[in-house]
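Novice: Following this message is one structure expressed as structure tokens.
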Amino acid sequence: MKSLVRMQKRRKGRSSRLCTCTSPPAQPASSSLLSWCITSHSFGCPLYVSEQRVIHLGTRYVICNRLLRFSVNASLNIAYGAGGLSINPQLNFRAVVPDDAPVFKALSDAVKKMHKSPDTAIIDDTTKVILQLFRAGKASPTDSLSDGQTILHVLLRWIHPENPQWDVSLWQRYREMLITLIEAGVSLGSLNDRSESPLDVVLSSICFFGRLEPTNVMSICLCLLQKGALVTPAWAGGIDNQVMKSNWLITILATHCGIEYLDFPEKYLLHVTRSKQDLYAAMAQEKSPELLFRCLEWPMGLYTLIREGYKPSRRVLQTACEYDCEGAVNVLLGERRFNIGRSELTSPKAARQQTTKLIVAALANKRRRLQALAETHLPSETLSQLGIRSDCLMGFNAAAVCARLRANSVSIRRDLMEGKGWLIYNGGWWGCKSADLLWDAGFRNIDETDEQGFTALMHTPQYPESVHQFLPLLIYAQWLVSHGANIYHPRQEAPALHYLAENVGLSLDNDWIFGLCQESYYRESLNHMPAGCVEVVRKILLDEGTDKCCCPCSFNGCSALTRLLAGLYREHKLWNKLELLLWAWETLVRYAFPECERLWHTQSSRVLRYCTFEKMDLTHTCRNHRYRESKDQDDIIDILEAQKESTDLFEALVAEFEAEYNQMGVPLPEFLRSHWLQRMKMVLERQSVPNQEYMDRVREIGVVLEDCQNVE
């Protein structure tokens, strides 16, 4: 990698020096007339004076007159310190155009077309229109909107992760368009009211979304940099995940464009240059913990910082796990005692097994030491009460063990402390491979419960949205069952199977909503599922066990199938729930029972009852559903009395549907799509028309009702 010498030479030629403080502590103070920002610069910043700290007080107002087409940016900066006081007023005048000015309207129309159907002809036509506007005097290359957005600011927003993928010819034509407009006089270095250069807009979008293919984008960036575009480090500020994203983008910039074009302070380039000289220079400028995040991809630099007195927080370790910085995790675990918990365990993705191994090994080691401490200082009766077993490492009960040890005045090292219990196997989105590591490390209590009585099998894994949820949930549930999880473990009169069924419904609902329910994908994936998954699905569909609910949605209590339907119906009321239900039902039934005609008939009564209940929008009085408020007996009685008339109609409809279904002899999905749906529409339309008794009561309270036939 090239040295920073050429970059330093470029810096000396710059007329302005940007603040290099990391998130300088700006403290806003306001009154009814003024709004001030008080900024204190740190050692190493070009705006810092070594003899005495300099305090800057600044305020800025932007006055825009769209009628006269100008903008005035007025600012006042007061610098106090270094033995003196300076007051620097500044007044900037900028011509502005309205949002619907010809050149910006042309760009707006073009981006809509490009988003809908990208075509090189759109780019060519837009370029011609803009150049014609320049020649006719109807637009100027220096035109800007009231917020400071120039033509290039707007044009570069075409590079966006949400836009359709462009082919090579589109990128080439877009690049030619940029060059043509730059040669026509469009400004490369103008900053908008948020102090962003046009190129900053592109980099901010990439850094935020992180989904752009870099080659074509970086060729655009290199072209603009070679023509004098300005990149400021403002978009790369902050700590934690934003630092890791900016590190990733800076690496791409340095690789494709060359490090000499990056006019950044040394700290932004540490993971690229990996120079100890640059590291010590950055350390001399600031003592911010951001340097630790900047060096997560450079283990030797991280080790140096720790040896120089930097104390990494737990968040540093979590970020290293999240971004699979194996070397950094090794250094952090070796140099500092961390209290490892759920966040570190769930950070690594399933494919990042090496990082996961390090975390699991460290967690197991700490639990062994805590268990040895408990066995030394607590009597055997207490150990038995706390659930400590010689054949199993502590899980959720570790917090209770710590509390008992402290009550007995036993000193516990900080990294061994557990303030709040957490289930070891709750969070199965990381995959069965990580669960295998935990099992092999000695965590064998699969059915341990949390403070609310939930087991890992009952919990809903926190999968990211817009990713497949049903298949990994089913695989992980099968893993838990195969390692000893009891599907009939009770909680509030309902077995674990009921909670699992509801989670399955929720996961299928997610896959449907986010368009992830492609038949080919599901059919192929289900054919390669572990053998035990079939048994789990069969239990959900066929188990006749019920809880003690008295809700009409399910006859004689809720079953696992009822809970599955509840998960499907939980959210997204505006979506076509019938099609979702039928897709989910057919997916599960055809997977578990290839010869499914018998099952259609076996489960028809429960499915018809629940669908009719939801279609009539009746109120549930279920007791054990996780996402519904628990109701006491008095509330249940009041609800049942209030909707007695509707419930009577509901029961009559269910009896009617069951009789007609048995008589027609068609598959359940076909019956629901045709006869049931049409009949329910008729019932609901009839219910929406007020009867004479209702209208008489309304008139009694003074409401004037008009005849609908007289209303146009």
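Novice: What is the one condition in (1) assigned to a loop (DSSP other than H, G, I, E, B); (2) among the basic types (Lys, Arg); (3) touching a residue at least 40 places away in the same chain (Cβ under 8 Å) that residue 366 does not satisfy?
Specialist: (1)
Novice: Restricting the search to region 376-406, which residues are in a loop (DSSP other than H, G, I, E, B) and either at positive phi or over 34 Å from the mean Cα position of the chain (by Cα) (or both)?
Specialist: 378, 379, 386, 387, 388, 390, 391
Novice: Only one of these is under 15 Å from residue 292 (Cα atoms) and not acidic (Asp, Glu): 333, 370. Name it.
Specialist: 333
Novice: For region 401-422, how many residues meet the condition of being small (Gly, Ala, Ser) and farther than 30 Å from residue 458 by Cα?
Specialist: So the answer is 3.
Novice: Do we find a residue being in contact with a Phe, Trp or Tyr (Cβ under 9 Å, 6 or more places away or on another chain) and more than 23 Å from residue 443 (Cα to Cα) anywhere in region 387-400?
Specialist: no
Novice: If residue 568 satisfies every condition in (1) within 20 Å of residue 512 (Cβ to Cβ); (2) at pLDDT 90 or above but one, which is the exception?
Specialist: Of everything listed in (1) within 20 Å of residue 512 (Cβ to Cβ); (2) at pLDDT 90 or above, residue 568 misses just condition (2).
Novice: How many residues does region 312-338 hold that are outside any helix (DSSP H, G or I) and either modelled with pLDDT of 85 or more or surrounded by 16 or more Cβ atoms within 10 Å (Cβ to Cβ) (or both)?
Specialist: Qualifying residue count for the region: 6.
Novice: Tally time: how many residues in region 518-549 are assigned to a loop (DSSP other than H, G, I, E, B) and surrounded by fewer than 16 Cβ atoms within 10 Å (Cβ to Cβ)?
Specialist: Selection size over region 518-549: 6.
Novice: Among the listed residues 699, 679, which satisfies the condition of being assigned by TED's automatic domain parsing to the domain that holds residue 577 and at pLDDT 65 or above?
Specialist: Selected residue: 679, the only one of 699, 679 that is assigned by TED's automatic domain parsing to the domain that holds residue 577 and at pLDDT 65 or above.
Novice: Oh, and also: Which of the residues belonging to region 314-325 are under 19 Å from residue 246 (Cα atoms) and either aliphatic (A, V, I, L, M) or without any contact (Cβ under 8 Å) to a residue 40 or more places away in the chain (or both)?
Specialist: Across region 314-325, the qualifying residues are 316, 317, 318, 320, 321, 324, 325.
The values are calculated or read from the model by the stated rules, or taken from the named source; none is laboratory data. What you see is a predicted model, and the numbers here were worked out from it, not measured in a lab. Don't worry about glycine lacking a Cβ; one is built from the backbone with ideal geometry, like all the others, and counts go over all protein chains shown.
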